[in-house]
Structure formats: C-alpha cells, structure tokens
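Peer 1: Supplied in structure tokens, the structure appears directly below.
The values are calculated or read from the model by the stated rules, or taken from the named source; none is laboratory data. Since this is a predicted model, take the numbers as computed values, not measurements. Here the Cβ positions follow ideal geometry from the backbone for every residue, glycine too, while neighbour counts run over all protein chains shown. Side chains included, ligands, DNA and RNA excluded: accessible areas come from the protein's heavy atoms. Shrake-Rupley method; radii C 1.70, N 1.55, O 1.52, S 1.80 Å.
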Amino acid sequence: QVQLVESGGGSVQAGGSLRLSCAASGSSSSTVYMAWFRQASGKNREGVAVMNHSGWSTYADSVKGRFTISRDVAKNTLYLQMNSLQPDDTGTYYCSASHEKYGVSWLSPGVYIYWGQGTQVTVSS
C-alpha cells in the first residue's frame, strides 16, 4: 500500500505564497501519477495539478501560471508551489496517487485510490 502525508498549509494574505509537501511511503513502484486536489467548504473536490513518472504535468485553468507541481523521486515527495494566492484558493488540499490508467481525466478525483488526510490553506483579503 501507499501512505501519503501532506504538510505546509497555513494562513496567508492575498498575493502571498505557500509550498505544500506530500511525503509518500510504502510501495510506489506502480504508482506513477500523483496529484493535488482541493476542497472548499460546501463545494466539490476539484483537481489542481497532476504529474506523472516522466515529468508530464497538467493544471486546472484557475491555477495556471501561479502554481507549480514538482516531484523529488529520491525523497519520495511531491510538492506544490503556490504563488499569487487568492481567497478563492482557500480550502483543504489533498495529495493523491494512482496507478497507470488509460482513457481517464487525470484531474478527476475518481481516478485516484490513494489519499492523504489533507492540509488546510486559508487566504485572506
């Protein structure tokens, strides 16, 4: 199994930055896609960014140009650098992972089977 633990959340003012980390443990030999999701109060969970084993990545339109996903394979850690934060970025951020699949939308939460407990991000104006 794969265990995921997020860290790095906090409270910042609009325009500020945060860097989230996701530490992975357990067997991940076939877990080649890792992603960040977020969920605001009263809203559905939405995909933020995803990266695969070869370095391919994609982002939600709302965060393009502001967020950057990266992966340190040696440390088994996934990162999300968040710049120019806005109040709409507020929510609980979750790290997730998936085995290889075909014909799926990688920003859809149903694709992923491994999830962390989440870390809270609050952006004030």
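Peer 1: What pairs come out if I take residues in the stretch 2-23 that are at positive phi and pair them with residues that are surrounded by fewer than 18 Cβ atoms within 10 Å (Cβ to Cβ) whose C-beta lies under 7 Å away, six or more apart or interchain?
Peer 2: Here the result reads 8/19; 8/21; 15/84, each pair linking the stretch 2-23 to a residue that is surrounded by fewer than 18 Cβ atoms within 10 Å (Cβ to Cβ).
Peer 1: In contact with a Ser or Thr (Cβ under 6 Å, 6 or more places away or on another chain) and under 25 Å from residue 26 (Cβ atoms): does that describe residue 99? Let's see the steps before the verdict.
Peer 2: Numbers: in contact with a Ser or Thr (Cβ under 6 Å, 6 or more places away or on another chain): yes; under 25 Å from residue 26 (Cβ atoms): yes.
In short, yes.
Peer 1: Out of curiosity, is residue 16 open to solvent by less than 70 Å² (accessible area, probe 1.4 Å) and out of contact with any strand residue (DSSP E or B) (no Cβ under 6 Å at 6 or more places or on another chain)?
Peer 2: On the way: open to solvent by less than 70 Å² (accessible area, probe 1.4 Å): yes; out of contact with any strand residue (DSSP E or B) (no Cβ under 6 Å at 6 or more places or on another chain): yes.
Considered against the rule, which asks whether it is open to solvent by less than 70 Å² (accessible area, probe 1.4 Å) and out of contact with any strand residue (DSSP E or B) (no Cβ under 6 Å at 6 or more places or on another chain), residue 16 comes out as yes.
Peer 1: If we scan the stretch 78-89, do we find a residue that is farther than 23 Å from residue 3 by Cβ and among the hydrophobic types (A, V, I, L, M, F, W, C)?
Peer 2: Yes, the stretch 78-89 contains a residue that is farther than 23 Å from residue 3 by Cβ and among the hydrophobic types (A, V, I, L, M, F, W, C).
Peer 1: Of the residues 29, 84, 17, only one is out of contact with any Leu (no Cβ under 9 Å at 6 or more places or on another chain), modelled with pLDDT of 95 or more and farther than 18 Å from residue 107 by Cα; which?
Peer 2: 84
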